[in-house]
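Have a look at the structure below, then the notes.
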Amino acid sequence: MLAERFLPSDGYLPTGVRVQIPNVLDTVSAGIHVLPDSEIVYSPSAADFDVDSFVRSAGGFLADYYREAR
């Protein structure tokens, strides 16, 4: 029965296997909003944020990405 507790060598669970995940974390936050949505989505502080400029200055994959106009 111990072998049944581990994933198969291909890494996939067979169809129909019941998986039980215990809640070992309990409560992870106090449930208060640390940063309100209004400061991120459609907020006055984000109105003049230039996404393209920020991505280019940060570098990485998105800085080199472009899509041709259709």
(message) I need the full set of residues from the stretch 11-48 which are loosely packed, with under 10 Cβ neighbours inside 10 Å, closer than 25 Å to Ala63 by Cα and hydrophobic (A, V, I, L, M, F, W, C), in order please.
(response) Val41, Ala47
(message) On the basis of being in a loop (DSSP other than H, G, I, E, B), of a type in the set (Asp, Glu) and without any contact (Cβ under 8 Å) to a residue 60 or more places away in the chain, does Asp52 make the cut?
(response) no
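Those residues that are within 30 Å of Leu7 (Cα to Cα) and among the polar types (S, T, N, Q), I need them from the stretch 18-67; list them, please. Don't jump to the end; show me each part of the working.
Applying the first criterion (within 30 Å of Leu7 (Cα to Cα)) to the stretch 18-67 yields 18-28.
Gln20, Asn23, Thr27 - these are the residues of the stretch 18-67 that are within 30 Å of Leu7 (Cα to Cα) and among the polar types (S, T, N, Q).
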(message) Residues that are among the basic types (Lys, Arg) and part of a loop (DSSP other than H, G, I, E, B): does the stretch 13-28 have at least one?
(response) yes
(request) Return the total of residues in the stretch 50-70 being surrounded by 10 or more Cβ atoms within 10 Å (Cβ to Cβ) and hydrophobic (A, V, I, L, M, F, W, C). (result) 4
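Any read-out appearing in this document is the output of simple, stated calculations on the displayed coordinates, not a laboratory observation. This one's a predicted model, so the numbers in the text were calculated from it and none came from an experiment. Glycine gets a Cβ as well: all are built from the backbone with ideal geometry, and neighbour counts include every protein chain shown.
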